[in-house]
Structures are given as structure tokens and as C-alpha cells.
Amino acid sequence: MKKRVGILTSGGDCPGLNATIRGAAKALYERMGEDVQIIGIRDGYSGLIHGDWREMQPNEFSGILTMGGTILGTKRTPFKLMRVIGDDQVDKVAAMKKNYKEMGLDCLLCLGGNGTHKTANLLSKEGLNIIGLPKTIDNDIYGTDVTFGFHTAVDIATEVIDRIHTTASSHRRCMVVEIMGNKAGWLTLYSGVAGGADIILIPEHPYSIDNVCAAVERRAAQGKNFSILAVAEGAMDTEEARIKRKERMARRKEAGYTNATQRIADQIEAMTGFETRVCVPGHMQRGGSPSAYDRVLATQFGTYAAKLVEQEHYGVTVAMHNNHIVANELSEIAGKSRLVPEGHGMLDVARRMGISLG
């Protein structure tokens, strides 16, 4: 009897999803041949809820190593709504269990970030055979040193900062580059260091606008007529850090800002007199072909997931720990985030380089 393996990609897309799908599929075919059937589930958990799936053929996994996005499609289905029955009267958890059974699945591979892993853990607790694979450009999944998609996003964000330097120096401006990352600052920190940013602001370490402006003025006093700021979209000042997110968002809306980036630019211009502009690369950081590093990492993760399928080792997610691919229990990592801790080596590198952290 064939082993039927489901695959879905959930949450935001990122480089490396297709490479991971390919790694898992090719390893399964190589090891199990005609004794495995791969089931592609469209649009993440939405497809599992609504029974949108199809049996895939081996040739569909060829030529996708370098492709961005996901051949299976993806959709955000928030974890907090999984047990909420909406206007459509669909019991989402019951529907997923029913469709898993109707597909005749022996296990399900769930590729995604923190929300995806929380739902994966929920399904595992409901008795389904689940294996997670960690993707996110934020690099904030607990228990793994790195996620696929992160290094490609670092490359893209770094190139943005590189290119901003010429405009900043030509026009003698401060340039504020908004980097993705609502809760975790890994992407901003690494791309900021790689791109030669002068100031790096991340969510884990609230900033003082006085310190930021002092850093700009210090550079000016040294004869440097421009400054580059790499700012995480989730950055907050020391006052905002003392209040809850809902109140923080309400205050920003009242002041006419959706996030800290434009406000920082306006404050710098008002307090220092330097012309300041904002650059928001946005979803470009999630797009395009994965880097060589991410192609290798995705292949490592995918083939390890295939090994777990073969061993029937479920209720886990794949991870990189100390340069070894391992499996973490879903119950131990779901609902936790990996944030940049004080004392992290890259923060020390930034400080030694004279980069202001606000």
C-alpha cells in the first residue's frame, strides 16, 4: 500500500518554499519509489479546511529549485480563528481532520512560520501525523538557528541599503530604510550590518529619538554629510515599549502614522535640520529566487523531513541546531518566538563598529 504524504505551505510566501517541497518530494521518491504518493494541498490550511487538493506527479517537482513563491499557493489562516466558527458555520478543526482522513493521508508536511506551527501542533494534538518545516524571513521560529528564506531576504535588504547609499551621499540626506520584522529584528540587524547602516533600530531594543538624532549629528560633526538608518517595521521608542500594542497603534493612528518609520524621519528632520526620506522595500524582501544558501538549507530541511516520514517520526518540526539538522517536538516550540537577545554577538559587532542602536 502506498504511503500518502500531504504537503501544504501556509502564511506569507518566501524564497525557498519550492526548494523545500522539491527536497522532500525527490527524497521520498528516491527512497520509496512507487510506494509513495504526494498530495498537494492548495492555499495552506484553507485548502485543508475546504478539501482543495490533488495527487501530484514526480515531474511537477522538477525545475522548481530556483523558483520563488510556492507552487501550492498559500493563504493566511490565523491560528486564533481556528476554533472559531464563523458565518460559514464551518468547524475548521473538524473539517481539517475529516479531509485529512478522506485524502487517506499517512502524514502531513506543514511549511510555514510561527502561526503555521501553532496550527500544526494543534492538529498533532488532535491525533494527526504532522511534520513542520520552518520558513520565515523573520528568522524567529523558536528552536532553530535559522529558517529558510532568511538569508535571501538579508541579501535583498542589504542590496536596498547598498543602493540607498548613493542617493543619501549625493543629496546629503538621512535615509530611513524600513525592513520587514514586526516582532523580531534579525533581518534588520543582519542587513544593517551587511549594508553599512549607521543606525539600526529593532523591536527588541526600544530606541530614544534623542539618541538617534545625536548619532546623526555626531556623524555630521565628523564631516559625514549623510546617515543611513535600518529600521525594523516593528521598532518602537522607549515610551511605546511601556504600553500595550493596541494602545501603541491607537496613538500612532491619532498622530497620523501607521508605524515608527515615517515618524522617525519627521523627527530627525525637525530636530536636526537634515533632509530625511523613507524607503520601504516591502514585499520585495520576500520575493524572487532563493539564494544559494537557502537552496541548500531548504534541500537539507526537505530531505530530513522525508527521512522523518520514512521513520514515521511525527509531531515534530525540522530545525538547524549547531550546524546539525534535528527534529524538535512541536509541543515545545509552538507559540514561542526566537527574538534578538541582549548580549547577542551581532549586537556587540554593531556597537564595536560604532553603529548606533538607538
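The values are calculated or read from the model by the stated rules, or taken from the named source; none is laboratory data. Everything quoted here is computed from the prediction, not taken from an experiment. When we count neighbours, we look across all protein chains shown, and the Cβ atoms used for this are built from the backbone with ideal geometry, even at glycine. Heavy atoms of the whole protein, side chains included, go into the accessibility calculation; ligands, DNA and RNA do not. Shrake-Rupley method; radii C 1.70, N 1.55, O 1.52, S 1.80 Å.
I need the full set of residues from segment 81-92 which are under 20 Å from Ile7 (Cβ atoms) and of a type in the set (A, V, I, L, M), in order please. Walk me through it before giving the result.
Filtering segment 81-92 down to residues under 20 Å from Ile7 (Cβ atoms) leaves 82, 92.
Answer for segment 81-92, where residues must be under 20 Å from Ile7 (Cβ atoms) and of a type in the set (A, V, I, L, M): just Met82.
May I ask you to verify whether Gln300 is in a helix (DSSP H, G or I), modelled with pLDDT under 95 and among the polar types (S, T, N, Q)? Quick ask: steps written out before the conclusion?
Numbers: in a helix (DSSP H, G or I): yes; modelled with pLDDT under 95: no; among the polar types (S, T, N, Q): yes.
The answer is no for Gln300.
What number of residues within segment 73-107 are surrounded by 18 or more Cβ atoms within 10 Å (Cβ to Cβ), farther than 20 Å from Asn129 by Cα and aliphatic (A, V, I, L, M)?
0
How do the pairs read when you match residues in segment 230-252 that are closer than 19 Å to Arg277 by Cα with residues anywhere that are open to solvent by less than 100 Å² (accessible area, probe 1.4 Å) and basic (Lys, Arg), using Cβ under 7 Å and keeping only pairs 6 or more apart or on different chains?
These pairs meet every condition: Met236/Arg248.
Give segment 154-182 a look and list any residue that's open to solvent by less than 30 Å² (accessible area, probe 1.4 Å), over 17 Å from Thr276 (Cα atoms) and either part of a helix (DSSP H, G or I) or small (Gly, Ala, Ser) (or both), or say none.
If the condition is that a residue be open to solvent by less than 30 Å² (accessible area, probe 1.4 Å), over 17 Å from Thr276 (Cα atoms) and either part of a helix (DSSP H, G or I) or small (Gly, Ala, Ser) (or both), then Val154, Ala157, Thr158, Gly181 are the ones that fit.
Looking at this structure, is Leu201 out of contact with any helix residue (DSSP H, G or I) (no Cβ under 7 Å at 6 or more places or on another chain) and either modelled with pLDDT under 95 or open to solvent by less than 10 Å² (accessible area, probe 1.4 Å) (or both)? If you could, list the steps in order and put the result at the bottom.
Details: out of contact with any helix residue (DSSP H, G or I) (no Cβ under 7 Å at 6 or more places or on another chain): yes; either modelled with pLDDT under 95 or open to solvent by less than 10 Å² (accessible area, probe 1.4 Å) (or both): yes.
In short, yes.
If only one of Leu308, Leu347, Leu339 is touching a helix residue (DSSP H, G or I) at 6+ places or on another chain (Cβ under 9 Å), hydrophobic (A, V, I, L, M, F, W, C) and open to solvent by less than 50 Å² (accessible area, probe 1.4 Å), which one is it? Steps first, answer last, please.
On the way: Leu308 fails: touching a helix residue (DSSP H, G or I) at 6+ places or on another chain (Cβ under 9 Å); Leu339 fails: open to solvent by less than 50 Å² (accessible area, probe 1.4 Å).
Exactly one of Leu308, Leu347, Leu339 is touching a helix residue (DSSP H, G or I) at 6+ places or on another chain (Cβ under 9 Å), hydrophobic (A, V, I, L, M, F, W, C) and open to solvent by less than 50 Å² (accessible area, probe 1.4 Å), namely Leu347.
Does segment 40-85 hold any residues that are hydrophobic (A, V, I, L, M, F, W, C) and touching a strand residue (DSSP E or B) at 6+ places or on another chain (Cβ under 6 Å), and which are they?
Step one: list which residues in segment 40-85 are hydrophobic (A, V, I, L, M, F, W, C), which gives 41, 48-49, 53, 56, 61, 64-65, 67, 71-72, 79, 81-82, 84-85.
Of everything in segment 40-85, those that are hydrophobic (A, V, I, L, M, F, W, C) and touching a strand residue (DSSP E or B) at 6+ places or on another chain (Cβ under 6 Å) turn out to be Ile41, Leu48, Trp53, Met56, Leu72.
Within segment 52-92, can you find the residues that are assigned to a helix (DSSP H, G or I), in contact (Cβ under 8 Å) with a residue 24 or more places away in the chain and under 25 Å from the mean Cα position of the chain (by Cα)?
Once the filter is applied, which keeps residues that are assigned to a helix (DSSP H, G or I), in contact (Cβ under 8 Å) with a residue 24 or more places away in the chain and under 25 Å from the mean Cα position of the chain (by Cα), segment 52-92 yields Phe61, Phe79, Lys92.
Can you confirm whether Ala120 is open to solvent by less than 10 Å² (accessible area, probe 1.4 Å), closer than 25 Å to Ala334 by Cβ, aliphatic (A, V, I, L, M) and touching a residue at least 60 places away in the same chain (Cβ under 8 Å)? Walk me through it before giving the result.
Values: open to solvent by less than 10 Å² (accessible area, probe 1.4 Å): yes; closer than 25 Å to Ala334 by Cβ: yes; aliphatic (A, V, I, L, M): yes; touching a residue at least 60 places away in the same chain (Cβ under 8 Å): yes.
It is true that Ala120 is open to solvent by less than 10 Å² (accessible area, probe 1.4 Å), closer than 25 Å to Ala334 by Cβ, aliphatic (A, V, I, L, M) and touching a residue at least 60 places away in the same chain (Cβ under 8 Å).
Any idea which residue in segment 1-51 is nearest to the chain's Cα centre (by Cα), counting only those that are surrounded by fewer than 16 Cβ atoms within 10 Å (Cβ to Cβ) and not in a helix (DSSP H, G or I)? Spell out the reasoning first.
Narrowing segment 1-51 to residues surrounded by fewer than 16 Cβ atoms within 10 Å (Cβ to Cβ): 1-2, 30-31, 33-35, 51.
Then drop every residue that is not not in a helix (DSSP H, G or I), which leaves 1-2, 51.
Details: Met1: 37, Lys2: 34, Gly51: 27 Å.
So the residue we want is Gly51.
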